[in-house]
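Asker: Let me begin by handing over the structure; questions about it come next.
The values are calculated or read from the model by the stated rules, or taken from the named source; none is laboratory data. These numbers come from a predicted model, not from an experiment. Using ideal geometry, Cβ is built from the backbone for each residue, glycine included, and neighbour counts are taken over all protein chains shown. Remember, those area values only see protein heavy atoms, side chains included, never the ligands or the DNA or RNA. Shrake-Rupley method; radii C 1.70, N 1.55, O 1.52, S 1.80 Å.
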Amino acid sequence: MMEQRPPSPPAPLLSPLALLALCLAFAGQILLIALQLAGPPPAGPRQLLDFQVFHIAGQLAWAGDLGTAYDPVQFWAHTKALTGSSDRMLWPYPPHFNLVTAPLALLPLWLSYVVFVGGSLLFYGLALRRLAGGQHALVLAMLFPTILICIRIGQNAFLIGGLVAWFASLALAGRTLAGVPLGLLTIKPQFLPGIGLYLLLRGQWRIIFAGGLVAALALALATLLLGSGVWLDFVHVMGELSKYLSRGLYPYHRMTSLYAALFMLTGDSGLALAGQIGFAVLLAAGLLLAARRAWPPRHLLAAAVMASTLMSPYGYDYDLPVLGAAIALLAPDLVAGRRVWALLPLAWLACLVGAIINYADAAAPRPAVTILPLLLLCAAMLVQARRPPISVEPR
């Protein structure tokens, strides 16, 4: 009796030439922003890039003045004095994220940007390649708009998305080393709830313990280097963030949460928060049901990553590269089912709707509707991945 071989993974849907084109587009965008940062400041109103805030916070860390970064009023005055921009951004990151931004401040702004954005994008791409079964180019194509947005402002979503993808590849193999990226993800903890629930449902206690240990070590190192007072400063800014979130002082049209959608629709922060909490409970119940129905680990983990992007009231369109890990986990099944191209317009809509609304008439109310195509995208990917692949009858 002949031994039956496991089916080979489907061939990459996009050619190496298509992957090269994507990479050249990303590199060109990074070069363009770097040249802008290296050149003279523009005349007229100046837009403050998120990476400039990272760089400034890093400088404050070296100066022993992180209290200024965590105090909104002082930080706004400081950034305006340095950049000339009137944009107001908070510094809501936990203390150990300052261990990332402080080394960046040792380099000139433009070079620091290239190192951080280029390096984290490379890390992101390699982590997706390991996870996606050769379909990583497809993931980059589906998230092409949000990747460009993230490059444009210099956000940290590539770092977070890379950590999630790295964690996923290790967790699927049951390796305790998955606790390293899990612990490091505490630099942006809003992406942890769904992933943490996945680990609990799978009973992967060693990974949970290792992640807690890594997080504790990172927090202890931050406390040792930055001083215990950084915790009071961090608690203060988190209180301010909560106030600003409930008072309508954020660009909610760029947000991906149900909270933002309900707040813009009703103007009631209490109702919006209740809706967000109920939605998070519903997502957790969905993960529990999927586990009870014995979903394959790749599908369950993809659903957990999706849930993590949806559970927090605080999430933006530039955070959507984190969803790349979920797409990578499902990509082999999506490609085998030959239905993947139908998802591309929906993925681009989820990535772009906030930016499109951003350029609408500023005097008109700007709805926060990104949650709608994002939910449809997540549901469609899970449904298509769960369907049996289309078989071709021999003639």
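Asker: All but one of (1) within 15 Å of A157 (Cα to Cα); (2) open to solvent by 10 Å² or more (accessible area, probe 1.4 Å) hold for A325, so report the exception by its number.
Answerer: With (1) within 15 Å of A157 (Cα to Cα); (2) open to solvent by 10 Å² or more (accessible area, probe 1.4 Å) applied to A325, the lone miss is (2).
Asker: Give me the pairs, please: first residue somewhere in the stretch 316-332 and in a strand (DSSP E or B), second residue anywhere and among the basic types (K, R), beta-carbon distance under 9 Å, and either six or more positions apart or on two chains.
Answerer: Y316/R254
Asker: Let me ask you something else. Any residue that is over 19 Å from F75 (Cβ atoms) and either assigned to a helix (DSSP H, G or I) or at pLDDT 95 or above (or both) - is there at least one of those in the stretch 38-56?
Answerer: The answer is yes, given that some residue of the stretch 38-56 is over 19 Å from F75 (Cβ atoms) and either assigned to a helix (DSSP H, G or I) or at pLDDT 95 or above (or both).
Asker: Any residue that is open to solvent by less than 40 Å² (accessible area, probe 1.4 Å), within 16 Å of R152 (Cβ to Cβ) and out of contact with any helix residue (DSSP H, G or I) (no Cβ under 6 Å at 6 or more places or on another chain) - is there at least one of those in the stretch 64-80?
Answerer: So far as the stretch 64-80 goes, no, none of its residues is open to solvent by less than 40 Å² (accessible area, probe 1.4 Å), within 16 Å of R152 (Cβ to Cβ) and out of contact with any helix residue (DSSP H, G or I) (no Cβ under 6 Å at 6 or more places or on another chain).
Asker: Can I ask one more? So which residues in the stretch 263-298 are touching a residue at least 40 places away in the same chain (Cβ under 8 Å), more than 14 Å from L197 (Cα to Cα) and under 23 Å from the mean Cα position of the chain (by Cα), if there are any at all?
Answerer: Matches in the stretch 263-298: F263, M264, A272, L273, R298.
Asker: Sticking with this one: Scan L49, L35 and give me the residue that is under 20 Å from R152 (Cβ atoms), open to solvent by 40 Å² or more (accessible area, probe 1.4 Å) and in contact (Cβ under 8 Å) with a residue 60 or more places away in the chain.
Answerer: One residue alone meets the criteria, L35.
Asker: Specify which of the listed residues (R386, R292) is modelled with pLDDT under 95 and open to solvent by 10 Å² or more (accessible area, probe 1.4 Å).
Answerer: After applying the criteria, what remains is R386.
A quick yes/no check of all residues on (1) within 25 Å of Q155 (Cβ to Cβ); (2) of a type in the set (S, T, N, Q); (3) at pLDDT below 85; (4) surrounded by 18 or more Cβ atoms within 10 Å (Cβ to Cβ):
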residue: G315; (1), (2), (3), (4): yes, no, no, yes
residue: V335; (1), (2), (3), (4): no, no, no, yes
residue: A342; (1), (2), (3), (4): no, no, no, no
residue: W348; (1), (2), (3), (4): yes, no, no, yes
residue: A360; (1), (2), (3), (4): yes, no, yes, no
residue: P367; (1), (2), (3), (4): yes, no, no, no
residue: L377; (1), (2), (3), (4): yes, no, no, yes
residue: L382; (1), (2), (3), (4): no, no, no, yes
residue: S391; (1), (2), (3), (4): no, yes, yes, no
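Residues are listed down the side, and each one gets a yes or a no for (1) open to solvent by less than 20 Å² (accessible area, probe 1.4 Å); (2) on the phi > 0 side of the Ramachandran plot; (3) free of Cβ contacts under 8 Å to residues at least 60 places away in the same chain:
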residue: G84; (1), (2), (3): no, yes, yes
residue: P94; (1), (2), (3): yes, no, no
residue: T101; (1), (2), (3): yes, no, yes
residue: Y113; (1), (2), (3): yes, no, no
residue: L126; (1), (2), (3): no, no, yes
residue: R130; (1), (2), (3): no, no, yes
residue: A141; (1), (2), (3): yes, no, no
residue: A165; (1), (2), (3): yes, no, no
